[in-house]
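Take a look at the structure set out below.
The values are calculated or read from the model by the stated rules, or taken from the named source; none is laboratory data. In this text, all values refer to a predicted model and were calculated from it rather than measured experimentally. Note that we place each Cβ from the backbone using ideal geometry, even for glycine, and neighbour counts take in every protein chain shown. Accessible surface is based on the protein model in full, side chains and every heavy atom, while ligands, DNA and RNA are left aside. Shrake-Rupley method; radii C 1.70, N 1.55, O 1.52, S 1.80 Å.
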Amino acid sequence: MARATAKKSSPASMAVFPGSFDPLTNGHVDIIERASEIFPQVIVAVLFNPSKESLFSQAERVALISKQFARYKGRVSVVSFSGLLVDFVQSTKSRVVIRGLRAISDFDYEAQMALINRKLAPKIETFFLTAREEHSYISSTVVKQVALLGGDVSKMVPKVVEQALSKKWQERQRLRRRPL
Ligand code: PNS
């Protein structure tokens, strides 16, 4: 009787999910949850890019994601990184980068990034998870636009982010009403 013999290899135990997360959306949450079902540990790596203007500060973005995943103690961690992604991934001893794909339009950019990262660090692999259909229209950019115009984003982001966006909107309203 033929018996399948699997070659023993060390499983990838850690995966890095990098992004700007300005802010975290339901699309991101879904990818992190699904990645954590495959990899024992997922590191959410929040890019610190001082030359790019963001709505939420670096600390705010890290805090919001940490709050959302507090119940995943140890299985999902949230950290900041700056510089090259591959350098950060190598510093964690992981070999896996996770990215979400919403539509074909994402593919060009994502494939280019994966290829550049492979050129820089051939041992690092990029794994793509396709977004759920119901999240395919969601992006941080659209969420910010809608929220800052007072629109309802409750179906696009987790509750903690919805509340934080509402605070930002209120702050902006106050500033607008302030006499010059
Ligand atoms: O959520 P985003 O903004 O699409 O994430 C993009 C991110 C952070 C993954 C990408 O910009 C990145 O990896 N930046 C770090 C700089 C880097 O390594 N660049 C070379 C690969 S393009």
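Structure above, values below:
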read-out: Which numbered condition D108 fails, given (1) within 23 Å of E37 (Cα to Cα); (2) open to solvent by 30 Å² or more (accessible area, probe 1.4 Å); (3) within 16 Å of the ligand (Cβ to nearest atom); value: (1)
read-out: Number of positions in segment 31-53 that are of a type outside the set (K, R) and away from the ligand (no atom under 14 Å from the Cβ); value: 9
read-out: Total residues in segment 50-107, condition modelled with pLDDT under 95 and acidic (D, E); value: 2
read-out: Pairs with Cβ under 6 Å, 6+ apart, first in segment 44-59 and in contact (Cβ under 8 Å) with a residue 24 or more places away in the chain and within 19 Å of L84 (Cα to Cα), second part of a loop (DSSP other than H, G, I, E, B) and open to solvent by 50 Å² or more (accessible area, probe 1.4 Å); value: F48/S82
read-out: Filter pass, F56 being more than 9 Å from the ligand (Cβ to nearest atom), among the aromatic types (F, W, Y) and in a helix (DSSP H, G or I); value: no
read-out: Qualifying residue in segment 113-122 (condition: more than 15 Å from the ligand (Cβ to nearest atom), over 18 Å from A15 (Cβ atoms) and out of contact with any strand residue (DSSP E or B) (no Cβ under 9 Å at 6 or more places or on another chain)); value: no
read-out: Residue list for segment 24-35, filter: within 10 Å of Q68 (Cβ to Cβ) and open to solvent by less than 20 Å² (accessible area, probe 1.4 Å); value: L24, V29, I32
read-out: Search result, residues across segment 155-180 that are open to solvent by 100 Å² or more (accessible area, probe 1.4 Å), in a helix (DSSP H, G or I) and over 22 Å from E134 (Cα atoms); value: K167, R172, R174, L175, R176, R177
read-out: Residue pairs meeting the criteria (Cβ under 7 Å; at least 6 apart or on separate chains; first farther than 25 Å from E133 by Cβ, in segment 95-119; second near the ligand (Cβ under 9 Å from one of its atoms) and part of a helix (DSSP H, G or I)); value: N117/L85; N117/V86
read-out: Residue check for V143: surrounded by 15 or more Cβ atoms within 10 Å (Cβ to Cβ) and assigned to a helix (DSSP H, G or I); value: yes
